[in-house]
Amino acid sequence: MDPDAVKSTLSNLAFGNVMAAAARDYQKEIVAKEKAQAASASHDEVDLDELLDDPELEKLHAERIAALKKEVEKREVLKRQGHGEYREITEGDFLGEVTGSEKVICHFYHREFYRCKIMDKHLKTLAPVYLGTKFIKLDAENAPFFVTKLGIKTLPCVILFKKGIAVDRLVGFQDLGSKDDFSTRALENILKMKGIIDEKKKDEDDEDDETDIFMVDGT
């Protein structure tokens with residue numbers, strides 16, 4: 001036999017053995033990876049089951065549900081007390097309204113005064129946002145007793161009550177730069193600074209009309 005032919009045949013056989021061994025090793029590696037992935041998936045399922053059965057997690061979930069339920073109940077109570085809207089009341093309602101909630105904003109107004117209408121617009125916007133505070137208004141002409149008792153001389157006059165006690169007030173637009181074109185945000189910031197509203201709000205500003213400050217007697 002030709003020595004070169006024998007050498008070539010042996011070389012081919014050696015190469016074939018190497019390729020066969022490489023193929024076997026590759027197949028083993030693929031099988032090992034598949035087994036590892038299957039084991040990992042099984043482990044994840046076990047962890048998830050354990051997590052779902054975790055008593056601490058169940059306790060936290062129950063506490064969260066209870067807190068949400070309590071908050072909903074609180075909001076419903078406030079709504080029944082007249083919170084969440086800007087309402088008109090009568091002089092006969094006044095004491096019950098301002099003593100029936102922890103925080104109350106009462107706008108004494110005159111129906112013919114344009115600046116009172118501007119204040120109405122802003123308070124109406126804020127009322128549904130700050131559910132923790134009651135927003136009401138009272139026609140000053142129809143409430144002479146409380147106008148006198150509270151020393152109201154200028155309209156609009158927004159009086160702030162905490163636990164039935166008048167703690168502060170906004171007279172005309174003095175705290176708002178004495179201008180008619182102030183934004184709802186400006187009024188809101190003053191009310192927050194005075195501590196009469198404190199809940200989270202939507203980031204919205206309103207555009208307003210121009211007007212003058214009027215006195216109670218219309219001068």
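Report the full-extension gain for the segment S183 to V171: residue separation times 0.36 nm, less the Cα-Cα distance, to one decimal in nm.
Going from the current span to full extension adds 2.7 nm.
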- Message: What are the equivalent ellipsoid semi-axes of region 126-165, built from the alpha-carbon gyration tensor (square roots of five times its eigenvalues), in whole angstrom, biggest first?
- Response: 22, 12, 9
- Message: Loop-only trypsin sites (Lys or Arg not before Pro) in region 82-147, please: DSSP not H, G, I, E or B, and at most 15 other Cβ atoms within 10 Å.
- Response: R111
- Extension reserve of the K153-L95 stretch, reckoned as 0.36 nm per residue once the Cα distance is removed: 18.9 nm
- For an R0 of 45 angstrom, estimate the FRET efficiency from the Cβ-Cβ distance between Q81 and K59 and round to the nearest 0.05. 0.85
- Would you mind computing, in nm to one decimal, how far apart the modelled labels at E88 and K192 are, each placed 7 Å from Cα along Cα→Cβ? 3.1 nm
- Task: Estimate the FRET efficiency between K121 and V72 by the formula 1/(1 + (r/R0)^6), using the beta-carbon distance for r and 41 Å for R0, to the nearest 0.05.
- Result: 0.85
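Which of the trypsin sites (Lys or Arg not before Pro) across region 140-174 are loop residues per DSSP, with 16 or fewer other Cβ within 10 Å?
Values: sites: K149, K153, K162, K163, R169; in loops: K153, K163.
Those that pass, being in a loop and sparsely packed, are K153, K163.
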- Message: One quarter of the convex hull surface, Cα atoms only: what value does that give for region 84-194 in nm²?
- Response: 6.1 nm²
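FYI, it's all coordinate maths here, none of it is from the lab. Everything quoted here is computed from the prediction, not taken from an experiment. FYI the Cβ positions are ideal-geometry reconstructions off the backbone, even for glycines, and counts take in every protein chain you see.
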